[in-house]
């Protein structure tokens, strides 16, 4: 699906960042609607990693491409990590360290950037391996990820300490990167899915429904990402949406979601500061709070872009006049 990146991938990123906002707005809620929404919105973080894996490339021009990712993604993240650290230090007297900044611990949503950069910097070296060994490694990453999530789920369910490590744990996410990389390894599978979109959509939705309903049946609601059901949930919904937005003639909301998706990094980094104030001001009208968070972030990004454009134009005019 490489050829559809500008539309379909941005749509997925747009829907994903909306899910991130909704998840944070509804966090802590114990009513059935809040629990249900939190379960569904768990699809988004695995989706981002699957997309990252699908577009992973080999180590050609490694230092140049790595620096580009650091400059465009990790450095802006560090600015926000410091901001959140200072904000919570001033408002809640919550201290933070340099390692907290690196690992994304100054705000609850920032962990993603650490893992994103970890995979972006290390996974390209997998392409130095012979193809069979690389594919075997990717399957190991996938199944070890499922095993780790199942262990974490059992630990929470039965209050048993099986994994005591509380530091960074790439095995909680690298299976999703492996899924994206595996799909890219077999372009004929992508072609076959495109040729039979209806059948695969039905199968994907069935997989998504199983991942959504299993926690209700197994009494594992509210475990966030620490459960094996996250795999069918995220894979099913991501596949169904990818098929729809890459094959439908006039997919619903594609332009809007694509617009949002093209601004997903800025929204992701900045939205969290708005969540709690708006929830409080709106007296727990969470749907309206989520909408306002999104609109304010989009407006801020638009103002920033227009200001930068004006400054560049102004600079060009000054240079020309001199």
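Given the options 197, 251, name the one that is touching a residue at least 60 places away in the same chain (Cβ under 8 Å), over 20 Å from residue 143 (Cα atoms) and surrounded by fewer than 18 Cβ atoms within 10 Å (Cβ to Cβ). Break it down stepwise before answering.
Working: 197 fails: touching a residue at least 60 places away in the same chain (Cβ under 8 Å).
Just a single option satisfies the conditions, and that option is 251.
If a residue has to be assigned to a helix (DSSP H, G or I) and either more than 18 Å from residue 48 (Cα to Cα) or touching a strand residue (DSSP E or B) at 6+ places or on another chain (Cβ under 8 Å) (or both) to count, how many in the stretch 243-253 make the cut?
Just the residues of the stretch 243-253 that are assigned to a helix (DSSP H, G or I), to begin with: 243-247.
Okay, now just the ones that are also either more than 18 Å from residue 48 (Cα to Cα) or touching a strand residue (DSSP E or B) at 6+ places or on another chain (Cβ under 8 Å) (or both), so 247.
Number satisfying all stated conditions: 1.
So that you can scan it fast, the table gives a plain yes or no per residue for (1) touching a residue at least 24 places away in the same chain (Cβ under 8 Å); (2) within 15 Å of residue 268 (Cα to Cα):
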residue	(1), (2)
43	yes, no
49	yes, yes
53	yes, no
60	no, no
68	no, no
71	no, no
75	no, yes
80	yes, yes
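Results for (1) assigned to a loop (DSSP other than H, G, I, E, B); (2) surrounded by 15 or more Cβ atoms within 10 Å (Cβ to Cβ); (3) touching a strand residue (DSSP E or B) at 6+ places or on another chain (Cβ under 7 Å); (4) modelled with pLDDT of 95 or more, shown as yes or no for each residue.
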{"residue": "260", "(1), (2), (3), (4)": "no, yes, no, yes"}
{"residue": "268", "(1), (2), (3), (4)": "no, yes, no, yes"}
{"residue": "290", "(1), (2), (3), (4)": "no, yes, no, yes"}
{"residue": "294", "(1), (2), (3), (4)": "no, yes, no, yes"}
{"residue": "301", "(1), (2), (3), (4)": "no, yes, no, no"}
{"residue": "304", "(1), (2), (3), (4)": "no, no, no, no"}
{"residue": "309", "(1), (2), (3), (4)": "no, no, no, no"}
{"residue": "320", "(1), (2), (3), (4)": "no, no, no, no"}
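Condition check: more than 23 Å from residue 108 (Cβ to Cβ), out of contact with any strand residue (DSSP E or B) (no Cβ under 8 Å at 6 or more places or on another chain) and surrounded by fewer than 20 Cβ atoms within 10 Å (Cβ to Cβ). Does residue 240 satisfy that? Before you say what the answer is, go through the steps one by one.
Details: more than 23 Å from residue 108 (Cβ to Cβ): yes; out of contact with any strand residue (DSSP E or B) (no Cβ under 8 Å at 6 or more places or on another chain): yes; surrounded by fewer than 20 Cβ atoms within 10 Å (Cβ to Cβ): no.
In short, no.
State yes or no: is residue 86 surrounded by fewer than 17 Cβ atoms within 10 Å (Cβ to Cβ), at pLDDT 95 or above and under 20 Å from residue 179 (Cβ atoms)?
Values: surrounded by fewer than 17 Cβ atoms within 10 Å (Cβ to Cβ): yes; at pLDDT 95 or above: yes; under 20 Å from residue 179 (Cβ atoms): no.
Criteria not met by residue 86.
With respect to residue 50, determine if the residue is closer than 26 Å to residue 215 by Cβ, crowded, with 17+ Cβ neighbours inside 10 Å and at pLDDT 95 or above.
Criteria met by residue 50.
Test residue 246 against the criterion of being over 22 Å from residue 108 (Cβ atoms), surrounded by fewer than 18 Cβ atoms within 10 Å (Cβ to Cβ), in contact (Cβ under 8 Å) with a residue 60 or more places away in the chain and in contact with a helix residue (DSSP H, G or I) (Cβ under 7 Å, 6 or more places away or on another chain), and give yes or no.
no
The values are calculated or read from the model by the stated rules, or taken from the named source; none is laboratory data. As the structure is a computational prediction, the values presented were derived from the model and not from experiment. For neighbour counting, all protein chains shown are included, and Cβ atoms are generated from backbone atoms with ideal geometry for every residue, glycine included.
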